[in-house]
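We did not get these values from a lab; they are worked out from the coordinates using the rules stated. Everything numeric here is computed off the predicted structure, so don't read it as measured data. A quick note on method: Cβ atoms are made from the backbone with ideal geometry, for glycine too, and the neighbour counts reach across all protein chains shown.
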Amino acid sequence: MRKIYLDHNATTPLHPEVLEAMLPVLGEFYGNPSSVHSEGRKARVFLDEAREKVADLIGANSGEIIFTSGGTESNNMAILGVALSREKKDARIITSTVEHPSVLNPCKQLEQFGITIDRLPVNPKGRIDLDQLKDAISDSTVLISLQQANSEVGTLQDIEKIGELAREHSVCFHTDAVQSVGKIAVDVKKIPVDFLSMSSHKLNGPKGAGALYMKRGLPVLFPTMSGGNQEKKRRGGTENVAGIVGFGKACELAKTRLQSGGMISLANLRDYFFEQIESLVSGVELLGDKEYRLPNTLNLSIEGADGETLLIGLDVEGISVSTGSACSSGSSLPSHVLTAMQVPARRINASLRFSLGVDNTRDEIDHVVKTLARLVSLNRKNSFALG
Ligand SMILES: Cc1ncc(COP(=O)(O)O)c(C=O)c1O
């Protein structure tokens, strides 16, 4: 059966060149980078080279990159690290209602330790209001943690302006850039940001590797993973050298892709998809912001259809997508993101997320659109028959 993968915001396939770069480290070069002998020194070289490549993708200095196990750990490291290093007793953190659980849950944990969390609402397109952010900043605010791109709808926040506001008020700014790095140009020299989270498996690298960018000159963070002296004592534990090497290669490839206009073609393919589906299926609504968004994400709510049923129908046809409604995300609750955007429950139940990758083709999109149109018409007929 023909397989078409349109769930790149969940994870991406490993790029063949990434696998090739990782293989020697999984075999011949197995040293521990902390060892002083030749095997150890060789592993250290691999690590240093990868650090340069990761830093280069976001315009950072290699000394500003802390390797982690992925986006979840990077977000926890920044949020818990800043909170636990705080000097203020009555500390507050500002975040939003549409963050990834790896931001929302550490914030929730901190509430148990007396830290106040200010959660900003979003408009129906998924953006926060900068005036509301300004009003929320107080003398007690120790951190603003707001994502750059949302994984479910692809909406982008204005992180330049958010960073400027944070700077004006001398508050640390962390952004979860897990969904944006590799898909749009991200340059920490142009964004006033202190911490930025990245994840390897969202940009054709392996799972289990990621990084936290931490701006040079910031005070030492309370280490949430304490152990040996790795990562200058900022994150203990023997490094996942093969994963990190793959991450480095993936960053190098992403930079080339961004520079050669790969993401413009991806945005064109996304727009083609939307035009085609709109022309074949009635009642299609785009959820998210049409102007400020990722080039690869389309979250569509299809009037009168059931997202879960469509997802299963598409899966049977070899097409992988996801839904904001229920079980697919391992939760029985409707998407917190779509709920925060005030999307009505029936629209949430009818939503599907298509997240495209650079290897998807027009021919694949034509096939998906035709299959989806057929399944929607069947789904609508069945729900009509069931009353
Ligand atoms: C916006 C965002 N942040 C963080 C994460 C977590 O990243 P990881 O899977 O590398 O832990 C994800 C994963 O889906 C994400 O989409």
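Tabulated data for the structure shown
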read-out: For segment 190-252 and segment 113-162, distance of Cα centres in Å; value: 23
read-out: Surrounding net charge for THR11, when Lys and Arg each add one and Asp and Glu each subtract one, Cβ distance under 11 Å; value: +1
read-out: The chain - percent relative contact order, Cα under 8 Å, separation 6 or more; value: 22
read-out: Share of pairwise Cα separations in the chain, more than 29 Å, in percent; value: 45
read-out: Largest-first principal axis extents of the Cα set of segment 235-335 (Å); value: 51, 36, 28
read-out: Acute angle (nearest 10 degrees) that the helix 16-26 long axis makes with the longest principal axis of the chain, alpha-carbon atoms; value: 40
read-out: HN-Hα J in Hz across segment 62-74 - Karplus 6.51, -1.76, 1.60, θ = phi - 60°, x for Gly and Pro; value: 4, x, 9, 9, 10, 6, 9, 8, x, x, 4, 5, 4
read-out: Test item: Cα-centred dipole of segment 155-230, Lys/Arg +1 and Asp/Glu -1 on Cβ, debye; value: 260
read-out: Nearest-ten-degree value, helix 307-316 long axis tilted from longest Cα axis of the chain; value: 90
read-out: Over 26 Å between alpha carbons, listed pairs LYS88/LYS125; LYS3/LYS207; LYS125/LYS255; LYS42/LYS233; value: LYS88/LYS125; LYS125/LYS255
read-out: Coil-residue trypsin sites (Lys or Arg not before Pro) of segment 75-171, DSSP, other Cβ within 10 Å capped at 10; value: LYS89
read-out: C-alpha long axis of helix 159-168 to longest principal axis of the chain, angle in °; value: 40
read-out: Under 5 Å, built H, 5+ apart or other chain: amide partners of MET225; value: GLY236
read-out: Of PHE354, ILE365, MET341, farthest towards positive along the dipole that unit charges on Lys, Arg, Asp, Glu beta carbons give segment 340-387; value: MET341
read-out: Exposed GluC sites (Glu not before Pro) absent: longest stretch of the chain, with sites in DSSP loops and at most 11 other Cβ within 10 Å deemed exposed; value: 88-290
read-out: Convex hull volume of segment 51-93 per residue (C-alpha atoms, cubic angstrom); value: 96
read-out: Net charge, GLY288 excluded, C-beta distance under 13 Å - Lys, Arg +1, Asp, Glu -1; value: +3
read-out: Around GLN230: net Lys/Arg minus Asp/Glu count, Cβ-Cβ under 14 Å; value: +2
read-out: Where chymotrypsin sites (Phe, Trp or Tyr not before Pro) in DSSP loops with at most 14 other Cβ within 10 Å are excluded, longest remaining stretch of the chain; value: 114-387
read-out: Restricting segment 1-84 to trypsin sites (Lys or Arg not before Pro) in coil, as DSSP defines it, with at most 14 other Cβ within 10 Å; value: ARG2, LYS3
read-out: Relative contact order (%) - segment 1-91, alpha-carbon pairs under 8 angstrom, separation at least six; value: 11
read-out: Size of electric dipole in segment 253-361: Cβ of Lys, Arg +1 and of Asp, Glu -1, about Cα centre, debye, nearest 20; value: 400
read-out: Cut-off under 5 Å, modelled amide H: who pairs with ILE319 long-range; value: ILE4
read-out: HN-Hα J in Hz across segment 272-278 - Karplus 6.51, -1.76, 1.60, θ = phi - 60°, x for Gly and Pro; value: 4, 4, 5, 4, 5, 5, 5
read-out: Inter-label distance for LYS89 and SER279, nm, one decimal - labels placed 7 Å from Cα along Cα-to-Cβ; value: 6.7
read-out: Under-5 Å amide H pairs with THR68, H placed in peptide plane, nonlocal only; value: GLY210, ALA211, LEU212
read-out: Inter-site label distance for ASP366 and VAL36 at 7 Å from Cα along Cβ, in nm; value: 6.5
read-out: Mean separation of Cα contacts under 8 Å, 6 or more apart, over the residue count of segment 261-386: relative contact order %; value: 31
read-out: Potential extension, GLU17-SER383 segment - 0.36 nm per residue separation minus Cα distance; value: 127.1 nm
read-out: Estimated dipole of the chain in Debye, rounded to 20 [Cβ of Lys and Arg +1, of Asp and Glu -1, Cα centre]; value: 400
read-out: Rounded FRET efficiency, nearest 0.05, which uses the C-beta distance separating MET1 from THR116 and R0 of 41 Å; value: 0.20
read-out: Mean projection area, nm², convex hull over Cα of segment 261-386; value: 7.9
read-out: ³J(HN,Hα), Karplus 6.51/-1.76/1.60, whole Hz, each residue of segment 112-126, x for Gly, Pro; value: 5, 10, x, 8, 8, 10, 9, 9, 7, x, 10, 7, x, 9, x
